[in-house]
1. Just grab the label-to-label distance for residue 88 and residue 39, each label 7 Å out from Cα along the Cβ direction, in nm (one decimal).
2. Return the calculated 222 nm mean residue ellipticity for the chain, to the nearest 500 deg cm²/dmol, obtained by summing -39500 (n - 2.57) across DSSP H runs with n ≥ 4 and dividing by the residue count.
3. Assuming R0 = 22 Å, what is the FRET efficiency of residue 263 and residue 149, from their Cβ-Cβ distance, to the nearest 0.05?
4. Over its Cα atoms, what ratio of radius of gyration to 2.2 N^0.38 Å does segment 334-376 give?
5. Taking the Cβ-Cβ separation of residue 382 and residue 15 as r and a Förster radius of 35 Å, what is the calculated FRET efficiency to the nearest 0.05?
6. Taking a probe of 1.4 Å, how large is the accessible area per residue of the chain, in Å²?
7. Over all directions, how big on average is the projection of the convex hull of the alpha-carbon atoms in segment 1-119, in square nanometres?
8. Please give the FRET efficiency for residue 289 paired with residue 426, using the beta carbon to beta carbon distance and R0 = 30 Å, rounded to the nearest 0.05.
Amino acid sequence: GAPFQLAPEDLGDAKTPDGRDVKWSRARMIKRAQELRKSFTEDEIKLFASPWTAPPWMKAGQSIPARAKGKGMHHDSNGSSMPDEQVVPWVGGKLMPSAYDDWAAYFARFFKAYESLGIKFWGLTVQNEPDKLPEDKAQHWETMFWTANETRDFVKHHLGPVLHCEGLEPAELKDSDFCDYTRKLQIIVHDDQKPQVLDEMLPILADADAMKYVSGVGLHWYMAPPVDDIDFNKRVRGANEVPGTPTIFKNPSILDKTYQKLKELRHDGFLFGTEACNGFYPMVEKGEAMASGARLVFGKDATTHVVKGSFQRGETYAEDILADMSHFVSGWTDWNLVLDEEGGPNWASNNVDAPILVTSATEYIRQPMFYYLAHFSRFMPQGSWYVATSKKYVGKPGTFEFKSSQSMGWPGNVFIEVFYNDEAGHFILQVLNRERSSKKWMASSGDEAIWADVPAQSIQTVIWKPSWLV
């Protein structure tokens, strides 16, 4: 079979091919996180893996997009510029059909290698961002492109049978206990942007043989999420289309329709937010391509990679989470938990922001994004339910309410959603106010109600247990 081994960064206490000593490791960080989690909950961390590319020898058709070719955007571990000939084997291209079996075996060997370290995964995505973007925006980092038909066939004839131990798995992995583990892995398709998800996933979602293996659909937020400055927040994700007003997003009902289609052949299927981050737009001060146009549309904060202490970036996370969960999405993932003050390191100059910024060998900063995420991760444990409500006086999450809509009773940029913690037996109200002034809100159930003021540009989490809820 195809050779496979974990990298020094996975294992730690090892040397990389370029001679660096690696003391930290992914395995060590995961185990420490698992230990810390056990101190306050019995729920295990759910880990999912996401490949960005197969090894170059499995691929064909690689190329560096024109906007990155010869621009010195790629750097090695020492910060030295990498020549294009070293970069191109990893960028773009497709998996050769002759390598489908080997690549499927790589997945199984990856999970076996981590299992030997005492770490098990919950799921995997087939490919991170399989869609190739237009040439002026095309990915210039490690990538591999798939059509939905190719993904369907790979899952149906290769990856699914390997993980379900149906005779294609590597000989050394023909182990009943390991097969019991890999059969339960949640296979997630798409793992890409929301607007095109339904059209692109139809070949997979309509194929019963493929859906025997597929559990969920992964979603990224980059086209285009809520913006830091609400004055520029005119084309946020899920914006309702107003006649004559341009929008770069489809109505959020696209997620509803995707979920309904998914459930036709997979009753336990799910939608899952697999990647999001702030600061990904091109930055004028860095001389990055298309930065000036992006700044005109999205504003200065959104087009700055790292903005320390930004509460607005916490707001964008909360708005997107609330919008997703009100449209059948059952989880949400930040791309980078920890980065340095420049939003890196990143070999392809793809710097972004993060909830935690490391400032020295012994110090770090917790950004407001960290605390906004805590409103959800701390108060909404696994198994919490979304509660559909009748909203008469608040804007719908994911919808930008134009100023003219306020005459209809909608205080734009104020969002409220209700969830239910089955184990604790109480409601969780998440109230987000993106406006620059405080707002009043109220929720009622039967003849009981709860109300409060939410300060300007803030989030509130309220635990409520009406008397009838026993």
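1. Placing both labels 7 Å beyond Cα along the Cβ direction yields 5.1 nm.
2. Dividing the helical sum by the residues of the chain leaves -7000 deg cm²/dmol.
3. 0.50
4. 1.17
5. My answer for the efficiency is 0.35.
6. 47
7. Over every viewing direction, the Cα hull of segment 1-119 projects on average to 9.8 nm².
8. Result of the calculation: an efficiency of 0.05.
The values are calculated or read from the model by the stated rules, or taken from the named source; none is laboratory data. Everything numeric in this text was worked out from a predicted model, so none of it was measured. Please note: Cβ atoms are built from the backbone with ideal geometry, for glycine as well, and neighbour counts cover all protein chains shown. What goes into the accessible areas is simple: the full protein's heavy atoms, side chains included, and nothing from ligands, DNA or RNA. Shrake-Rupley method; radii C 1.70, N 1.55, O 1.52, S 1.80 Å.
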